[in-house]
Structures are given as structure tokens and as C-alpha cells.
Amino acid sequence: MANSSVRRALVPAGLAAVLALAACSSGGATSPQATSGGTGSSSAAPTGPLTVWVMGDATTKFDTLVAPFTASTGIKVKTVAIPWDSVDQKMTTAVASGDGPDVVQVGLSKLRTYADTGALLTLDDATVAGHANLASSNFLDGVAGKATAVGGKVVSVPWIADTRVLFYRSDILSAAGISTPPATWDELRADAKKLAGRGAGKYGYYIPQWDSPLPVEMTWDFGGDIIGADGKVNFDTPEFRKAVDLYTGLYADKSVPTAGDFDQTQGFVSGAAPMLVSGPYLAAAIKDAAPDLAGKWSVAQLPKGTTNTSLLAGSNMAVWAKTAHKDAALALLDYLSTPATQVKWFQLNGDLPTAKAALADSALTSDPLVSVYAAQLANAKIVPLVPNWDGATGKALLDALNSIALKGTDKETALTALFAATKGQSIG
């Protein structure tokens, strides 16, 4: 979920213009008159009401966020929280029936899947004309415009940025004689092994067995990729094998817990697993669970292999293709994309903005943790937009690695199965 200079490094020369636009919007809201003209479909003010599917449990906070929008435009917003573990079922049902929301939050790892169904409105230039806040140049380059277009079509606008950094318990590392967080993956492995030697039930590092991006990040950090020049998934590379050795080696060192239900927040708070790679949301969880730990933990950029590229994750907002309230939905997206609104959402929910001008706001740059996030965001990539990442490529990846680490499956046997399971999968 170190600042000012790094933040500014993320902001293009057009920042002043973006900030001016934000300042001109009343509380970040876009007037109905302005937004209706932008769709090119109606000269009347957009109406609604709108139903918005928000992932997770932030309904109340989202209601607070959009209250000024409703007050300004008269467009009512009904927020529906969709638990993360129900997202696929809910979307599948909606796609089949055609009975979906007007606006929907979509995780980047699922964007390709839902776009392929035709459920999301294409946000071409004509559709978003007049909605200045929806211009892709306003957002982080890695999650906007062509970067997350599917089949050449833009179907969403960035909403929440997320990148992975190294969380570490400075008090526990210091007690073990480790004065600084590991700067390389080799150092992390050595430090983790040392920390695991503290005794029974103590580990050095935590690997979420459900986290398919982690081995991808490790591959990037060793200078490789999982997508070949032909756009197809290719795990059969020396760099990926290094990532496999690192991932499974941490288990072989007995540096990570093997329980699949290990709680990363509680494990970090208790000190059982004093290092792990996670996103800004973990910082909020730690602060909530153990405010007394303030000053005893911090974050750092990912350790290096040959680089330290991290994951650029998060979620976007999209308009349901069959919405009866397209103009109102676009007006809401415009409002959500204003820097002022995105800063407000950071203050309400702790999620990092995607608008460059919001990331440069002093409300964020004054937070020392955010400075690390910002620096890492400048060196982060999205997981390739292959179809059904979670259910296919990502699953096959985790199945292979966890079978080696937890079941003792022969490495080459597991990798051969992975290559076969992912053969032909493509971002094209």
C-alpha cells in the first residue's frame, strides 16, 4: 500500500496541467453537463442510479467516497461488496445472464478473462471524449491505456495501484545480528536461514502458497521473463530455473512455514515469520492488528538478483457493456479518476492511487512507507495478461513449485508437467 523526490520521478511534465484539472473540479466531482457531452451519446445530463461492484469489504468507505459525486450530480450510487473469493462466481453468473452492475472493479489478473467475455465496455477515444480525467496519460504507465488493453481495446481505467515490497521486523533482525534488510535474494536466503535457527516454530521468511506472482517476480529479478518473444508463455528458461531454486530452496532450508493456512499478518506480528514480500495492504493490517509494533518493522524494495523488479498489481474500474446508464457510469469513472478523489481513497482505505498527480500529493509523499512503495512502483510490471491467469497459468505454476517444495516431487518432472500445462498459452 523517500518520498517527494521519488514521487516526482513518477510524474510527467504534464503534472501541472493534471493538477490544474483536479483543482478545477469541485471536490473532484464532474458536473453532469460536462460528462454527458463527453460520451457523444446524449445531450441530457446522465442520470442513473448506478450499481457498483466493489471487491472486498470496503462498502462503507466507498459510500463515503462517492457521496460528493451524488451530491454534485444527483446520480445515486449503490455499492455492492463482492468478497474476493466470490468474484469469479459472481462475474461468471453475471456474464451468463447479462444482468451485471453498471460499474465493476476488476483485478488486473482477471482483466483479460472478463474482457474476453465481452462484458466490459470499450473505452475508446470517442467514448471517453470530454472526460479529461480518463486520459491514459494521467495514470501510471504500466496499468493504463495500451499496457492493459485487451485485443487492442481499452476496457478499463486504473483504480488502485499495488506493488510488492519486502516487509521486515527490524527488531528481530537486529537481535539476530542483521543490521539491514537483505539487498539481494542470496542475502535474503541466508538471513532467513539464520532467523529460522531461533528455535521451533520460528521461521525467517514466509511464502504464501497461493501467491503465483512471487515466482514470476523472482524470474524477473534474475533477468528473465515468462513470456517469450512470440508472446507465448515460456517457463523453460535459465532465469526461471533460478527462481525455482530460490523458491524451493527456502523450503529446503526450513526457512518458511509449510502450513498452507499460515496467517501472514499474525505470523509477522508474532515474529514467527519476520520477513515476507507483500503489498501496502499488509501495512494497514499490521497497524490494525498491532499498533504497538510501530517502529519495530519497516519495508524495503525487493531484494535483487540482477534487478529487483516487482509486481505492479491492483485493480481497474470498468463499465458493464450492457449498462443502461453509460453516461452516468462514465461520469462516475471520471470522478473516481480525479487526483483529489484518489487521494481521498488512500486516506479512507490505504490503497495507493493510480493517478500520477495523486501519487505526488503531499498526503502520500509525507508517509515514509509510501516513499518505498513509490520507488518500487517505478520498477514494477504487471503479470502478463494471459487468459485465466488464476485458474490456468498461475495455478499450474504454483502446482509445480509447491509439489517440489512440499511433496518432494522431482524438479524436472514437475517442470516438465508445468511446460506441458502452459504450452500455447499466449498474451495475444
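The values are calculated or read from the model by the stated rules, or taken from the named source; none is laboratory data. The structure displayed is predicted, hence computed values, not measured ones. Backbone-built Cβ (ideal geometry, glycine too); neighbour counts: all protein chains shown. Surface areas here come from the heavy atoms of the whole protein model, side chains and all, with no ligands, DNA or RNA. Shrake-Rupley method; radii C 1.70, N 1.55, O 1.52, S 1.80 Å.
Quick one: compute the contact order of region 152-218, relative version, from alpha carbon pairs under 8 angstrom and 6+ residues apart, as a percent.
Working: 29 pairs, mean separation 10.2, N = 67.
Across region 152-218, relative contact order equals 15 percent.
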Exercise. Please arrange Ser366, Ser298, Ser156 by accessible surface area, largest first, computed with a 1.4 Å probe and ligands excluded.
Key: Ser366, Ser298, Ser156
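Considering only protein heavy atoms, what per residue accessible area in square angstrom results for the chain with a 1.4 angstrom probe? Walk me through the numbers before you get to the answer.
Values: 16910 Å² over 428 residues.
Averaged over the residues of the chain, the accessible area is 40 Å².
Mind checking the full-extension length gain between Leu348 and Asp171? Use 0.36 nm per residue of separation minus the Cα-Cα distance, one decimal, nm.
On the way: separation 177, 0.36 × 177 = 63.72 nm, distance 2.92 nm.
Roughly 60.8 nm would be gained on extension.
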Quiz item: How far apart, in nm, are the 7 Å Cα→Cβ label points at Ser362 and Thr64?
Solution: 2.2 nm
Quiz item: For Asp186 and Ser270, what is the calculated FRET efficiency with R₀ set at 35 Å and r taken between the beta-carbons, to the nearest 0.05?
Solution: 0.85
Practice problem: Give the carbon-plus-sulfur fraction of the accessible surface of region 151-252 in %, rounded to a whole number; probe 1.4 Å, heavy atoms of protein chains only. | Solution: 50 percent
Quiz item: chymotrypsin sites (Phe, Trp or Tyr not before Pro), restricted to region 203-280: which are DSSP loop and have at most 16 other Cβ atoms within 10 Å?
Solution: Trp210
Quiz item: Once you put a point 7 Å from the Cα of Ala284 and another 7 Å from the Cα of Ala392, both along the Cβ direction, what distance in nm separates them?
Solution: 3.2 nm
Self-check item: Given charges at Cβ of Lys, Arg, Asp, Glu: the chain dipole, positive-most of Thr323, Ala175, Ser156
Solution: Ala175
Exercise. Report, to the nearest whole %, how much of the accessible area of region 283-428 belongs to carbon and sulfur atoms, 1.4 Å probe, protein only.
Key: 52 percent
Quiz item: Counting Lys and Arg as +1 and Asp and Glu as -1, each charge on the Cβ, what is the dipole of region 85-124 about the Cα centre in debye, to the nearest 20?
Solution: 100 debye
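Helix-derived [θ] at 222 nm for the chain: sum -39500 (n - 2.57) over DSSP H runs of at least 4, divide by residue count, nearest 500? Each step should come with its number before you reach the end.
Values: 20 runs with 191 residues, N = 428.
Result for the chain: -13000 deg cm²/dmol, rounded to the nearest 500.
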Self-check item: Counting DSSP beta bridges with both ends in the chain, the antiparallel % (nearest 5)
Solution: 70 percent
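Could you tell me which of the pairs Lys296/Lys344; Lys254/Lys296; Lys254/Lys287; Lys193/Lys296; Lys78/Lys287; Lys76/Lys153 are separated by over 26 angstrom between their Cα atoms in the structure shown? Display every interim value, and only then the final one.
Working: Lys296/Lys344 28 Å; Lys254/Lys296 24 Å; Lys254/Lys287 28 Å; Lys193/Lys296 21 Å; Lys78/Lys287 30 Å; Lys76/Lys153 29 Å.
Exceeds cut-off: Lys296/Lys344; Lys254/Lys287; Lys78/Lys287; Lys76/Lys153.
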Quiz prompt | Structure-derived Cα extents along the principal axes in Å: which label, when the choices are (i) 68, 47, 36; (ii) 92, 50, 42; (iii) 78, 75, 54 | solution = (i)
